[in-house]
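Read through the structure below, which is laid out as structure tokens, and then see the notes.
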Amino acid sequence: MNAWSPDEVARAAGGRLVAPASAAAGPTRAVVDSREAGPGDLFVGLPGERVDGGRFAPQALAGGAWGVLVAPEHADAARCAPPGALIAAADPLAALGRLATAWRRALGAAVVGVTGSVGKTSTKDILQAMLAQRLRTAANRENLNTEIGLPLSVLEAPPGTEALVLEMGMRGPEQIAQLAAIAEPDVAVITAIGPVHLELMGSIEAIAAAKAELIAGLRPGGTAVVPSGEPLLEPHRRDDVTTVTFGPGGDVDALPDGLRLPFTSAHMRRNALAALAAARAVGVEPHGELSVALSRFRGQRLELPGGIVVVNDCYNANPMSMRAALDDLAASASGRRVAVLGDMLELGPEEARFHAEVGAHARGAGVDVLVAVGPRAGHLADGFGGPVELLPDAAAAAARVPALVRPGDTILVKGSRGVGLEVVAEALQTS
């Protein structure tokens, strides 16, 4: 946006320029936290449940922000603040989305949207690495994948960006559709359909329909990348887009011989197949050694003294990702297999059954020590059929687990984000 004038920024956002910027150039990015606003930043004041962020427009300008995009009353109130562009918009969140769409169009980059019940962040990370071999590529940082995070990610993309990889998260119907309307993707990737957000969505079919909003958001001639043999997505296929399947029996079922990945787990290689299909859809054939910077808490392997390995996979969890992580533990551990598993949230009325099934899977994967963290995780014991250490929360697990570990152990740490099991991985590193 740096090449845009203040008037152009305001018009792109669908807002009104109340006061000009102190510099002729436009902003370099947008932020929604006034404490982060500095030179070159456009602060967007969003209304929240308790506080309207637009009230902090003067503080953002005092911090040197290029300007602010806020509701009209807050723009008027900021007239006496330090100099900076004042842009008024009745709905700042909608204005943020319009601004992101305008910048996406100005870039002219190939845009890939990535969603799915599991693996979307890792697939995004892998695809970014593949595309970066040939194209100037930008992607969401961490999990900035919401109606706020996604447009911020688009607006962070520098001039000259040739490919944008945008993870899209959802918690209900129409959310993916909203993100697709902002991003206008050329390629839609759905990594998997599984029992995630069942508590909110009600059925697996509803989850598939919500994820398929990304396919609906493609323009004619786009490409949809979907799992091979997924019947829940069949009703959502389109005749006017190219559909490419990945996985066993799919159009992309193997990685090329010349491509070397920094991981061996089956689920990560499956994510790589989805990424490969998307890369080919924008004309990139990855090759050689692929350097992938995985987002934190997504299966990072930490090697500790005594031959101990900690698999820090505690960003999120659901039945599909739990089984995949346990399979990887079974395949990679050379010593005892220790699984520290937390609650899987938002599974609805069948949550006890889902946890028991994961417990049975842990038994089949040869887990030697199972630690269940949280009230729901206690149902892991129903399927495990052996001794289980039951702990109430992450703090108790951080205090207890280091004492259970022996030299040569491989410890998987995994649970839903709300459980906060990263403190267990931290405790193991410092013990």
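Some observations on this one:
- Residue that is nearest to Val111 (Cα to Cα) [pool: residues in segment 179-228 that are of a type in the set (S, T, N, Q) and in contact with a strand residue (DSSP E or B) (Cβ under 6 Å, 6 or more places away or on another chain)]: Thr223
- Residue that is nearest to Gly247 (Cα to Cα) [pool: residues in segment 123-176 that are small (Gly, Ala, Ser) and in contact with an Asp or Glu (Cβ under 8 Å, 6 or more places away or on another chain)]: Ala139
- Considered as a group, the residues in segment 334-352 that are surrounded by fewer than 18 Cβ atoms within 10 Å (Cβ to Cβ) and assigned to a helix (DSSP H, G or I) include one that is nearest to the chain's Cα centre (by Cα), and that residue is Gly348.
The rows are residues; the columns are (1) within 20 Å of the chain's Cα centre (by Cα); (2) of a type outside the set (A, V, I, L, M); (3) at pLDDT below 95.
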position	(1), (2), (3)
Ile176	yes, no, no
Ala188	yes, no, no
Ile207	yes, no, yes
Ile215	yes, no, no
Ala224	yes, no, no
Glu230	no, yes, no
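- Members of segment 167-178 found to be within 14 Å of Asn143 (Cα to Cα) and outside any loop (DSSP other than H, G, I, E, B), listed by number: Glu167
- Here Ala339, Ala324 are screened, and the one residue that is touching a helix residue (DSSP H, G or I) at 6+ places or on another chain (Cβ under 6 Å), outside the structural domain of His267 (by TED's automatic domain parsing) and either at positive phi or modelled with pLDDT of 95 or more (or both) is Ala339.
- Contact map, segment 363-389: first residue in contact (Cβ under 8 Å) with a residue 12 or more places away in the chain and assigned by TED's automatic domain parsing to the domain that holds Val401, second residue of a type in the set (D, E, K, R) and part of a loop (DSSP other than H, G, I, E, B), Cβ cut-off under 6 Å, separation 6 or more or different chains; pairs are Asp368/Arg336; Gly374/Asp343; Arg376/Asp343; Ala377/Asp343.
- The set of residues from segment 299-327 being assigned to a helix (DSSP H, G or I) and farther than 25 Å from Ala403 by Cβ comprises Pro319, Met320, Ser321, Arg323, Ala324, Asp327.
- In the set (1) of a type outside the set (A, V, I, L, M); (2) within 19 Å of Arg417 (Cβ to Cβ); (3) not in a loop (DSSP other than H, G, I, E, B), Arg296 fails one condition alone, (3).
The values are calculated or read from the model by the stated rules, or taken from the named source; none is laboratory data. All values reported here derive from a predicted model rather than from experimental measurement. Backbone-built Cβ (ideal geometry, glycine too); neighbour counts: all protein chains shown.
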